[in-house]
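Data block below; observations after.
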Amino acid sequence: MLRIFHTADWHLGHHLHGVSRQLEHQQFLDWLLDELQTQQADALIVAGDIFDSANPSSAAQSQLYDFLVKARTRLPNLNIILIGGNHDSASRLDAPSPILNALGVTVVGGLSRGELGNIDWDRLLVPLTNAAGEIKAWCGAMPFLRNADLPTTGEQDTDPLISGMKTLYAELFSQLQQKASNAESLILTGHCYMVNGAVSELSERKILGGNQHALPVELFPDDIAYVALGHLHLAQKVGANEHIRYSGSPIPLSFDETDYLHQVVQVDVRAGQPVETVAVKIPRSVQLLRIPNGKDFAVLSEVIGHLENLILDDLPIEQRPLLELRIRLEKPEPGLRQQIEEVISKLPVRLLKISTAYSGSEKSLADLKIEERLEELQPLDVFQRCYQNKYDKDAPEAMNALFNELVESLQGTE
């Protein structure tokens with residue numbers, strides 16, 4: 001048997017409304033080290049978005065490298081694979097790869113090509129060994145694929161993005177088959193958006209030209225034992241496929257993710273048998289509170305009532321819950337923040353955000369006009385609003401696609 005731990009979307013260096021998540025990430029990494037050792041894992045796969053930005057802070061990079069050193073020290077035989085995501089800079093991840101490879105850590109930030117433009121497939125083919133050093137599986141470590149990575153097929157009747165993805169995955173699968181024997185299982189990674197995936201809009205960038213380019217499950221051949229995916233922060237399987245999974249993020253990256261069950265996926269691989277997966281729940285080190293819970297808004301008096309009824313432990317400041325209030329107003333309330341801060345000052349919480357919505361004429365949920373912050377808008381949202389303001393109509397889909405391609409070309413650069 002080969003035991004794999006699948007995780008993704010760490011987003012080291014993340015800030016939530018200006019508050020650093022370094023403590024939460026460190027507690028997750030410490031917990032992960034213990035779990036890897038306790039469960040006697042043979043391999044760790046991190047399926048993209050290692051960092052929260054293409055230019056991570058020195059503290060975020062130190063956090064990653066400190067974890068890798070501890071992992072290799074405590075588990076000398078552990079196979080570690082890191083792939084680049086859409087938040088990562090491929091070149092920044094790949095830069096220290098010679099040193100990390102010497103430590104037994106495989107990093108694939110992006111596709112690399114030779115002088116003739118041929119993809120270096122060998123660096124994507126990673127043998128996975130058990131405690132005895134026997135190869136039990138091969139992993140095709142496919143990173144996030146940008147438009148520039150995709151081949152042009154020349155087929156006019158198919159989506160060029162989807163057909164290009166299929167071409168690259170088919171070639172990777174072929175390369176894996178040439179490496180593996182019949183007794184060795186095949187594993188794939190990916191950082192992408194699959195059809196029918198559940199998206200957290202506040203913390204996941206729309207990738208691959210937007211979510212209208214969701215990828216079909218047929219991308220992955222039937223002979224693949226397991227597909228370790230990243231990008232979606234809610235842990236989920238793809239359709240009815242138990243062996244194609246998003247591990248989800250280890251911590252909630254927005255208040256919309258407060259109720260997610262954050263986990264890593266333990267995958268037990270046996271040749272010729274379906275994989276067995278176990279969701280290993282990650283303990284929540286800092287609580288996120290939204291009042292009222294969910295996507296509803298409440299009038300100010302109800303929100304204050306909720307606050308006054310909170311029963312919370314008096315924790316050190318860096319461990320106190322992070323709080324968002326969602327308040328429904330009929331008109332602007334000049335003394336709103338003062339009223340709230342009078343109540344908050346008595347509570348061991350950190351107020352991060354006050355979301356307000358104004359009732360329409362019918363005062364129904366559908367009539368609410370929600371105030372939005374610029375930080376919560378995707379680049380495409382801003383472009384579409386600018387286009388609407390200037391031309392008094394929606395931007396054409398072809399133009400939206402071109403804008404997405406431009407944004408994507410800039411993401412991942414330093």
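The values are calculated or read from the model by the stated rules, or taken from the named source; none is laboratory data. This is a predicted model, so every value here is computed, not measured. Neighbour counts run over all protein chains shown; Cβ positions are idealised from the backbone, glycine included. For the accessible areas, the whole protein counts, side chains as well, though only heavy atoms, and no ligand, DNA or RNA atoms are used. Shrake-Rupley method; radii C 1.70, N 1.55, O 1.52, S 1.80 Å.
The table for this structure:
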{"item": "Whole-Å distance, taken between Cα centres, linking the range 251-277 and the range 27-65", "result": "15"}
{"item": "Sequence-distant residues sharing a close amide H with LEU16 (under 5 Å, placed H)", "result": "ARG21"}
{"item": "Peptides 223-231, 18-26, 70-78, 50-58 ordered by average Cβ neighbours within 10 Å, highest first", "result": "223-231, 50-58, 18-26, 70-78"}
{"item": "Share of carbon and sulfur in the accessible heavy-atom surface of the chain [1.4 Å probe, %]", "result": "50"}
{"item": "Debye, to nearest 20: dipole size of the range 1-134, +1 on Lys, Arg Cβ, -1 on Asp, Glu Cβ", "result": "160"}
{"item": "Correct option for Rg and Dmax of the Cα atoms in Å [calculated from the coordinates] among [x] 22.9, 71; [y] 25.0, 87; [z] 22.3, 66", "result": "[x]"}
{"item": "Proximal charge balance of GLN177 [Cβ under 12 Å; K/R count +1, D/E count -1]", "result": "-2"}
{"item": "Accessible surface of LYS393 - all protein chains present, 1.4 Å probe, nearest 10 Å²", "result": "120"}
{"item": "Angle in degrees between helix 160-179 and the longest Cα principal axis of the chain, rounded to the nearest 10", "result": "40"}
{"item": "Residue-by-residue Karplus 3J(HN,Hα) for the range 234-240, coefficients 6.51, -1.76, 1.60, Hz, glycine and proline x", "result": "8, 4, 6, 8, 8, x, 9"}
{"item": "Value of [θ]222 nm, deg cm²/dmol, for the chain, DSSP H segments ≥ 4, -39500 (n - 2.57) each, nearest 500", "result": "-8500 deg cm²/dmol"}
{"item": "Interchain or long-range residues, amide H under 5 Å from LEU215's placed H", "result": "TYR193, MET194, VAL195"}
{"item": "Electrostatic dipole magnitude of the chain [Cβ: Lys, Arg +1; Asp, Glu -1; Cα centre; debye, to 20]", "result": "560"}
{"item": "Loop-located GluC sites (Glu not before Pro) in the range 279-365, at most 12 other Cβ atoms within 10 Å (DSSP)", "result": "GLU330, GLU362"}
{"item": "³J(HN,Hα), Karplus 6.51/-1.76/1.60, whole Hz, each residue of the range 22-35, x for Gly, Pro", "result": "4, 4, 4, 5, 5, 5, 5, 5, 5, 4, 4, 4, 5, 5"}
{"item": "5 angstrom amide H check on LEU128, placed H, neighbours 5+ away", "result": "LYS136, ALA137, TRP138, CYS139"}
{"item": "Integer Hz, Karplus 6.51/-1.76/1.60 couplings in order for the range 63-68, x for Gly and Pro", "result": "4, 5, 5, 5, 4, 5"}
{"item": "Between helix 397-410 and the chain: long-axis angle, C-alpha atoms, 0 to 90°, nearest 10", "result": "70"}
